[in-house]
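Working notes, structure below.
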Amino acid sequence: MGTLDAKKMAGYCLMLGPIIALIAYFIQPGGVLGIGGTPDPTNSAEVMKVISDNSALGIITSLLVPIGLITLISGLMYFVQSMEGGNGYAMARTGLPFAFVAVIGWTIASGFTAGVASGVATSEAMAQAFFGINIPATALFGVGGVFIALGASTREELNSTLSLGAALAATVVFITAFIVPFAPDQANTINIATGLCFIIYTIWSIIIGRGMIRG
């Protein structure tokens, strides 16, 4: 097996990672598409029932979400490091830890979902913890996404307009994280808005990854 080119591998990560995570995010039980129903996020018993009734999908998506996100982070780490010594590096480097910690939070939250879906975790505290962890994780990813995209917007070789669009999408994600705790009954509607923002960020990531693969 030949040596893999690190830049191209990072490009593939930037393309595949967000796609995997986004699809899993949309089709998870009770998620954006409402598969299995759209439970009241303030009703932990209802949330757990939807996940339990769609256990296979719940287990699959709870594994795919962190896999996709970690793949994305791997690509972002290379991308940010490749900016060292040039425009935007300091800003993008500042945002990377925020995104990294956000992925850790979402991975832990996905573990709670897997426990509920598999029938091992039966306490309503699992659903409550999932809801609670998602809030700061979303806020952190929003902050990280803003800094990384703004840093990228200063690069001549990248599409600054698209990068600014990704930064705006990340800003909306950050704002929604502050709205949810004050209006938890609106979480389902906010999840849709967040999902649309993730689509924009995914498109931006795919375009960057494609450029890295092409060299």
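Throughout, read-outs are computed from the coordinates displayed, never taken from laboratory work. If you're wondering where the values come from, they're calculated on a predicted model, not measured in any experiment. Cβ sites come from the backbone with ideal geometry, for glycine too, and all protein chains shown count toward neighbours.
Helix 187-214 versus the longest principal axis of the chain: what is the Cα-based angle in degrees, 0 to 90, to the nearest 10?
On a 0 to 90 degree scale, this one is about 30.
Above 18 Å lies some portion of the pair distances; for the stretch 167-215, what is it as a whole percent of all C-alpha pairs?
Numbers: 478 of 1176 pairs.
Of all Cα-Cα pairs in the stretch 167-215, 41 percent lie more than 18 Å apart.
Can you give the helix-only mean residue ellipticity at 222 nm for the chain, where every DSSP H stretch with n ≥ 4 adds -39500 (n - 2.57) and the sum goes over all residues, rounded to the nearest 500 deg cm²/dmol? Could the numbers behind the result be given before it?
Details: 7 runs with 169 residues, N = 215.
Mean residue ellipticity, 222 nm, calculated: -27500 deg cm²/dmol.
Ratio of alpha-carbon Rg to the 2.2 N^0.38 Å globular estimate for the stretch 6-214, to two decimals, please. Can you show the working numbers first?
Numbers: Rg = 17.0 Å, N = 209, 2.2 N^0.38 = 16.8 Å.
Scaled against compact globular proteins, the figure is 1.02.
At 0.36 nm per residue, and after removing the present C-alpha to C-alpha distance, how many nm does the segment from Thr122 to Ile108 gain when stretched out fully?
Details: separation 14, 0.36 × 14 = 5.04 nm, distance 1.67 nm.
That works out to 3.4 nm of additional length.
Counting just the Cα atoms, what span does the stretch 87-194 cover along each of its three principal axes? Round to the nearest Å and put the largest first.
52, 24, 18
Across every pair of different alpha-carbon atoms, what Kirkwood hydrodynamic radius in Å does the stretch 95-150 reach? Each step should come with its number before you reach the end.
Details: mean 1/r = 0.0855 Å⁻¹.
This gives a value of 11.7 Å.
Return one number: the angle in degrees, 0 to 90 and rounded to the nearest 10, between the long axis of the Cα atoms of helix 55-81 and the longest principal axis of the Cα atoms of the chain.
Tilt of helix 55-81: around 20 degrees.
Using label points projected 7 Å from each Cα along Cα→Cβ, tell me how many nm separate Ala90 and Leu164, to one decimal.
2.2
Could you check which residue among Ala183, Ala45, Ala167 shows the biggest mean-square fluctuation in a GNM of the chain with a 10 Å Cα cutoff?
Of Ala183, Ala45, Ala167, the most mobile in the Gaussian network model is Ala183.
Once the convex hull of the alpha carbons of the stretch 39-134 is built, what does its volume come to per residue, in cubic angstrom?
Values: hull volume 8.6 nm³, N = 96.
Per-residue hull volume (Cα only) is 89 Å³.
What three numbers, in Å, describe the spread of the alpha carbons of the stretch 1-86 along their principal axes, ordered from the longest?
For the stretch 1-86, the Cα spread along each principal axis is 51, 33, 16 Å.
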